[in-house]
1. Taking the stated definitions as given, is Ser23 among the hydroxyl-bearing types (Ser, Thr, Tyr), crowded, with 17+ Cβ neighbours inside 10 Å and farther than 26 Å from Asp192 by Cα?
2. What is the residue count in the stretch 297-349 for residues that are more than 18 Å from Lys362 (Cβ to Cβ), in contact (Cβ under 8 Å) with a residue 24 or more places away in the chain and hydrophobic (A, V, I, L, M, F, W, C)?
3. So in the stretch 3-35, with the set limited to residues that are aliphatic (A, V, I, L, M) and under 20 Å from the mean Cα position of the chain (by Cα), which one is nearest to Leu64 (Cα to Cα)?
4. Just for the stretch 1-48: of the residues that are in a loop (DSSP other than H, G, I, E, B) and hydroxyl-bearing (Ser, Thr, Tyr), which one is farthest from Asn247 (Cα to Cα)?
5. Just one of (1) within 19 Å of the chain's Cα centre (by Cα); (2) at negative phi trips up Gly159, so point out which.
6. For residues that are of a type outside the set (A, V, I, L, M, F, W, C) and either in a helix (DSSP H, G or I) or buried (at least 16 other Cβ atoms within 10 Å of the Cβ) (or both), tally how many sit in the stretch 179-200.
7. Can you name the condition, by its number, that Lys169 falls short on among (1) more than 19 Å from the chain's Cα centre (by Cα); (2) basic (Lys, Arg); (3) under 23 Å from Pro62 (Cβ atoms)?
8. Among the numbered conditions (1) modelled with pLDDT of 95 or more; (2) not in a loop (DSSP other than H, G, I, E, B), tell me where Lys326 comes up short.
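The values are calculated or read from the model by the stated rules, or taken from the named source; none is laboratory data. In this text the structure is predicted, and so the values were computed from the model without any measurement. Here the Cβ positions follow ideal geometry from the backbone for every residue, glycine too, while neighbour counts run over all protein chains shown.
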Amino acid sequence: MAGIYFHFPFCKKACTYCNFHFSTSFKKKKLVLSSMIKELIMRKDFLNNKIIESIYFGGGSPSLIDPNLVGEFIQCVKDYYKVSEDAEITMELNPDDASYEYINSLKKNKVNRISIGVQSFIEEDLLLMNRSHNSHQAFRSIEMVKDTFENFSLDLIYGMPTTNLDKWKFNLSKAISYDPPHLSSYVLTVEDKTILKKQISSGKLHSIPEKEVEDQYWYMINYLEKFKYHNYEFSSFSKSGYYSKNNNGYWSGKAYLGIGPSAHSFDGLMTRSWNVSQNSSYLNSIEQNCLPLSMESLSLKDRFNEMVMTGLRTSSGVSIQKIRSKIGEKFVSYLEETAKKRVLSNDLYWDGDHLHVTKKSKFLSDGIASDLFLVNF
């Protein structure tokens with residue numbers, strides 16, 4: 001199984017926290033979209049006939065694309081790739097782009113899952129993030145999507161300078177009131193070269209203490225558990241049967257093909273690649289029938305460290321069998337030995353041949369994973 005990700009590199013405005021590649025100028029929009037179709041065809045052999053279980057339109061702001069063109073992208077995938085009959089086809093939707101006409105047209109064009117970029121229902125938060133929607137549009141977009149789609153997800157962000165625990169409780173309660181099948185809830189990360197980074201570095205804004213971020217995290221974990229959401233990955237929560245095939249593919253190490261400027265790909269084995277993060281360079285390469293990408297061959301050490309990091313973020317844990325079959329027995333022996341200290345401190349536990357983070361240590365899972373990394377090989 002494999003997935004295909006389309007990166008649509010255009011937005012109406014720049015969110016303060018975002019370090020993804022995008023442009024607020026739409027001059028090259030049509031050219032980029034037609035070039036993405038061409039790239040999709042050029043790379044038809046990359047996934048080696050693996051069955052496509054997930055098609056994902058992200059960005060950027062893919063809800064700026066005409067739904068009929070979305071349908072053309074989907075049809076092109078079906079024409080050149082093997083697509084599962086029950087493939088998950090997701091469109092990220094900005095609340096201010098939502099209308100019944102647009103949403104119904106997405107459904108007619110074979111999109112079967114919507115991910116709504118709410119981020120917050122609080123005006124102060126939305127202004128801080130420089131989002132293009134307001135709280136009314138957030139509420140209304142969910143109502144319209146819920147009327148039309150069975151499978152949808154809401155994105156939320158916590159740990160922002162303007163978010164205290166009471167505001168976070170409000171956001172979660174509002175989200176849950178719509179009974180979404182899936183929630184993605186991300187802790188705010190202050191990335192380099194973002195507006196938010198500059199605001200914090202200049203003293204205009206202040207990051208909230210780590211303890212407050214952790215309090216918001218634990219409230220979310222316990223609150224969503226009461227409503228029968230399964231925390232299948234650190235930031236991902238789903239009702240039974242509604243986990244994201246796209247998300248699960250990334251975290252379980254499946255192959256995926258990224259199409260568009262700055263999109264990343266992985267062959268499921270030892271090779272990663274990424275497209276140039278510049279629209280003009282991307283267009284020039286595609287026009288010359290050249291793939292606009294760079295490639296990296298992972299070492300066995302790198303692959304091991306990735307498998308530990310991604311595995312410990314998920315409820316499935318790190319699979320000994322997968323490590324053994326993909327990179328070798330000596331890595332299994334190393335992991336079993338290195339994990340002993342964390343098992344004794346009740347940060348990790350074994351369930352058969354899978355290594356998991358204990359519930360009490362979930363917030364620290366990335367740090368625990370780094371303790372298990374292989375540094376020299």
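1. Details: among the hydroxyl-bearing types (Ser, Thr, Tyr): yes; crowded, with 17+ Cβ neighbours inside 10 Å: yes; farther than 26 Å from Asp192 by Cα: no.
Here the answer is no, as Ser23 does not meet what is asked.
2. 8
3. Narrowing the stretch 3-35 to residues aliphatic (A, V, I, L, M): 4, 14, 31-33.
With under 20 Å from the mean Cα position of the chain (by Cα) added as a condition, the list becomes 4, 14.
Values: Ile4: 19, Ala14: 15 Å.
The selected residue is Ala14.
4. Out of the qualifying residues, it is Ser25.
5. Unmet condition: (2).
6. Count: 9.
7. Checking Lys169 against (1) more than 19 Å from the chain's Cα centre (by Cα); (2) basic (Lys, Arg); (3) under 23 Å from Pro62 (Cβ atoms), the one that fails is (3).
8. Lys326 satisfies all of (1) modelled with pLDDT of 95 or more; (2) not in a loop (DSSP other than H, G, I, E, B) except (1).
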